[in-house]
Amino acid sequence: MLKFIRITVSVLACSFVAFLLLYPLLIEHSIQYEHPDQGETRFYFPETYEAAKEHFLEFENVLRSDYGRVEHSALRITEDERLTIDTFIVEAEKAERTLMITTGVHGIEGYVGLGMLDVFFAKVYPDLDKETTNLILVHAVNPWGMEEYRRFNENNVDLNRNFIDDRDRFDYEFNEAYVEVNGLLEKDRPLRQLAIEDTGFMLSAISHVIASGADTIKDALVTGQFTHPNGVYYGGLEDEVSTAFMKELMKEGLETGVAQLVYIDLHTGYGPRDQMSIFNTGQDGMSEQEAMEAFNYPLVFAYDSDGFYGIVGGITEYLYGLKDELGAETDVFATTFEFGTLGEGTVGSLRSLKYTIDENQLTQQGAENFRTERVTRHRYMEMFYPSEAKWREKAADDFVEASFGVLGHFGFFNHQ
């Protein structure tokens, strides 16, 4: 009997060692991020920040062929002169409304954002009523994050949690949930072997769900936090350079006195993988059903939707508050076009959580081996910039459908 136990223990030990050795190889083989050939998609999807910026600047020729007043600006946000927020401000002859589109608020998401601007100029822009429509197009609100393939900026700040309207009255310690589950979200050590990290995360996540509840983890993340500067979803204690720029740009947009301003912020990550979602702030007053009917679009998140969540310091939310602060008469509609990547449900949510935590830990603490680093980066890329050509094609189709739905509702087209 004793001999049998010894043999069993030896077999289990050998199996565990084999698992630790083979797991990274299997994962690495299954996750090899490669951009599809440009010929596999109808539109341009860049591989680097430099290529994206160059392509964005080429849109100036198109704009100048239709508009008499086109202004380009490039704001450097770090000492690196290459990294700029590039903006086109286009004024119509008889301006009645303004369309503002931003990309790369979450740096790495700017790659899909640039792709969608390419779609915009090919499929949507030709139908705009250019005599009455101003344009504000912003490429790479977070250029450092875009170049580094990170969601957060050079100060580890999540810019979509940085748009605080009154910092003197703001409670920076409101997110007690983040403190409660911080043991799951931040590790003060390098990433270790993949099998250990993946197994350990699942056990830790289950433990925190049992102890604090799934809603506590969700609340800890999506609302943003302002107490852990090396953590995830950190909103920062002051306006970032990008934030200050965007606040002034939005103010200028409201002060033109146009009757309507529609703002579309482009993001990737949340929602079903096979359907882009229109994610409203709730401040527009439309229910889910009302918005779906108004925009003739199948997936809208509104204040009464099951999957709706509010955030603190969001850029689209800020625009509504700014309108009220200025007493602007311009009618505002601000929304997010969100391109889902990992899918809905528990599995998709856990993968998103883990990949976000791992990437941040890799940035802050490094990794003990190259395979862990490589897989972590590849997973992160797939979460925000899927390499599948089929996904990119569907994203383009959804963007066109949603754009015509939203902009058509607010009267932006010349055939209305």
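Can you pull out the helices (runs of 4 or more DSSP H) entirely within segment 193-262 that have at least 2 residues that are modelled with pLDDT under 95, farther than 30 Å from residue 408 by Cβ and in contact with a Pro (Cβ under 9 Å, 6 or more places away or on another chain)? Don't jump to the end; show me each part of the working.
Working: elements: 194-212, 214-222, 241-255.
Once the helices (runs of 4 or more DSSP H) in segment 193-262 are filtered for at least 2 residues that are modelled with pLDDT under 95, farther than 30 Å from residue 408 by Cβ and in contact with a Pro (Cβ under 9 Å, 6 or more places away or on another chain), what remains is 194-212.
Regarding segment 80-97, can at least one residue be identified that is in contact with a strand residue (DSSP E or B) (Cβ under 7 Å, 6 or more places away or on another chain), crowded, with 22+ Cβ neighbours inside 10 Å and within 16 Å of residue 337 (Cβ to Cβ)?
Within segment 80-97, not a single residue is in contact with a strand residue (DSSP E or B) (Cβ under 7 Å, 6 or more places away or on another chain), crowded, with 22+ Cβ neighbours inside 10 Å and within 16 Å of residue 337 (Cβ to Cβ).
In the set 138, 90, which member is within 20 Å of residue 335 (Cα to Cα), aliphatic (A, V, I, L, M) and in contact with a Leu (Cβ under 9 Å, 6 or more places away or on another chain)? Spell out the reasoning first.
Values: 90 fails: within 20 Å of residue 335 (Cα to Cα).
The unique qualifying residue is 138.
Considering each residue of segment 160-177, count those that are touching a Phe, Trp or Tyr at 6+ places or on another chain (Cβ under 8 Å) and either under 23 Å from residue 108 (Cβ atoms) or surrounded by 18 or more Cβ atoms within 10 Å (Cβ to Cβ) (or both), and give that number.
Result for segment 160-177: 4.
Please go through segment 262-279 and pick out each residue that is of a type in the set (A, V, I, L, M) and touching a helix residue (DSSP H, G or I) at 6+ places or on another chain (Cβ under 6 Å).
Of everything in segment 262-279, those that are of a type in the set (A, V, I, L, M) and touching a helix residue (DSSP H, G or I) at 6+ places or on another chain (Cβ under 6 Å) turn out to be 266, 276, 278.
If I ask for residues that are touching a helix residue (DSSP H, G or I) at 6+ places or on another chain (Cβ under 8 Å) and assigned to a strand (DSSP E or B), which ones from segment 71-88 would you list?
72, 75, 84, 85, 86, 87, 88
Say whether the condition of being closer than 30 Å to residue 203 by Cα, hydroxyl-bearing (Ser, Thr, Tyr) and crowded, with 18+ Cβ neighbours inside 10 Å is met by at least one residue in segment 317-339.
no
Is it true that some residue in segment 281-289 is surrounded by fewer than 21 Cβ atoms within 10 Å (Cβ to Cβ), more than 27 Å from residue 404 (Cβ to Cβ), touching a residue at least 40 places away in the same chain (Cβ under 8 Å) and not polar (S, T, N, Q)? Spell out the reasoning first.
Just the residues of segment 281-289 that are surrounded by fewer than 21 Cβ atoms within 10 Å (Cβ to Cβ), to begin with: 282-289.
Right, trim to more than 27 Å from residue 404 (Cβ to Cβ) and you get none.
Scanning segment 281-289 turns up no residue that is surrounded by fewer than 21 Cβ atoms within 10 Å (Cβ to Cβ), more than 27 Å from residue 404 (Cβ to Cβ), touching a residue at least 40 places away in the same chain (Cβ under 8 Å) and not polar (S, T, N, Q).
Scan (1) among the hydrophobic types (A, V, I, L, M, F, W, C); (2) surrounded by fewer than 17 Cβ atoms within 10 Å (Cβ to Cβ); (3) under 26 Å from residue 248 (Cα atoms) for the single condition residue 413 breaks and write down its number.
Status for residue 413: all satisfied but (3).
Quick check: anything in segment 206-220 of a type in the set (Lys, Arg), touching a Ser or Thr at 6+ places or on another chain (Cβ under 9 Å) and touching a residue at least 60 places away in the same chain (Cβ under 8 Å)? Outline the logic, then answer.
Keep residues of segment 206-220 that are of a type in the set (Lys, Arg), which gives 218.
Those left that are additionally touching a Ser or Thr at 6+ places or on another chain (Cβ under 9 Å): 218.
Filter once more, keeping what is touching a residue at least 60 places away in the same chain (Cβ under 8 Å): 218.
Checked segment 206-220: at least one residue is of a type in the set (Lys, Arg), touching a Ser or Thr at 6+ places or on another chain (Cβ under 9 Å) and touching a residue at least 60 places away in the same chain (Cβ under 8 Å).
Please count how many residues of segment 259-277 are among the hydrophobic types (A, V, I, L, M, F, W, C) and crowded, with 23+ Cβ neighbours inside 10 Å. Full working, then the answer.
The initial filter retains those residues of segment 259-277 that are among the hydrophobic types (A, V, I, L, M, F, W, C), namely 259, 261-262, 264, 266, 276.
Narrowing further to those that are crowded, with 23+ Cβ neighbours inside 10 Å: 261, 264, 266, 276.
Final tally of qualifying residues: 4.
Please count how many residues of segment 100-133 are of a type outside the set (A, V, I, L, M), part of a helix (DSSP H, G or I) and in contact (Cβ under 8 Å) with a residue 24 or more places away in the chain.
Just the residues of segment 100-133 that are of a type outside the set (A, V, I, L, M), to begin with: 102-104, 106-107, 109-111, 113, 115, 118, 120-121, 123, 125-127, 129-133.
Adding the requirement that they be part of a helix (DSSP H, G or I) leaves 107, 109-111, 113, 115, 118, 120-121, 123, 125-127.
From what's left, in contact (Cβ under 8 Å) with a residue 24 or more places away in the chain: 107, 109-111, 113, 115, 118, 120-121, 123, 125, 127.
The number of residues fulfilling the criteria is 12.
Those residues that are of a type in the set (A, V, I, L, M, F, W, C) and not in a helix (DSSP H, G or I), I need them from segment 352-379; list them, please. Can you show your working first?
Filtering segment 352-379 down to residues of a type in the set (A, V, I, L, M, F, W, C) leaves 353, 357, 362, 367, 370, 375.
Listed by number, the list holds a single entry, 367.
Need pairs with beta-carbon distance below 8 Å; first residue touching a residue at least 40 places away in the same chain (Cβ under 8 Å) and within segment 356-374, second surrounded by 15 or more Cβ atoms within 10 Å (Cβ to Cβ) and of a type in the set (Gly, Ala, Ser); sequence gap 6+ or separate chains.
Listed by first residue and then by second, the contacts come to 360/231; 373/367.
Please enumerate the residues belonging to segment 134-163 that are among the aliphatic types (A, V, I, L, M), farther than 28 Å from residue 97 by Cβ and not in a helix (DSSP H, G or I).
157
Would you call residue 401 at pLDDT 95 or above, within 18 Å of residue 109 (Cβ to Cβ) and among the acidic types (Asp, Glu)? Break it down into steps so the answer makes sense when it comes.
Numbers: at pLDDT 95 or above: yes; within 18 Å of residue 109 (Cβ to Cβ): no; among the acidic types (Asp, Glu): yes.
So residue 401 fails the test.
Out of all the residues in segment 43-57, is one or more touching a strand residue (DSSP E or B) at 6+ places or on another chain (Cβ under 9 Å) and either surrounded by fewer than 16 Cβ atoms within 10 Å (Cβ to Cβ) or among the hydroxyl-bearing types (Ser, Thr, Tyr) (or both)?
yes
Quick one: which residue in 157, 138, 70, 90 is within 25 Å of residue 410 (Cα to Cα), touching a residue at least 60 places away in the same chain (Cβ under 8 Å) and not charged (D, E, K, R)? Quick ask: steps written out before the conclusion?
Working: 157 fails: within 25 Å of residue 410 (Cα to Cα); 70 fails: touching a residue at least 60 places away in the same chain (Cβ under 8 Å); 90 fails: touching a residue at least 60 places away in the same chain (Cβ under 8 Å).
From the options 157, 138, 70, 90, the qualifying one is 138.
Results for (1) at pLDDT 95 or above; (2) among the small types (Gly, Ala, Ser); (3) over 23 Å from residue 286 (Cα atoms), shown as yes or no for each residue.
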{"residue": "335", "(1), (2), (3)": "yes, no, no"}
{"residue": "349", "(1), (2), (3)": "no, yes, yes"}
{"residue": "361", "(1), (2), (3)": "yes, no, yes"}
{"residue": "365", "(1), (2), (3)": "yes, no, yes"}
{"residue": "372", "(1), (2), (3)": "no, no, yes"}
{"residue": "386", "(1), (2), (3)": "yes, no, yes"}
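The values are calculated or read from the model by the stated rules, or taken from the named source; none is laboratory data. Owing to the predicted nature of the structure, the values given are computational and were not obtained by experimental measurement. We place every Cβ from the backbone using ideal geometry, glycine too, and count neighbours over all the protein chains shown.
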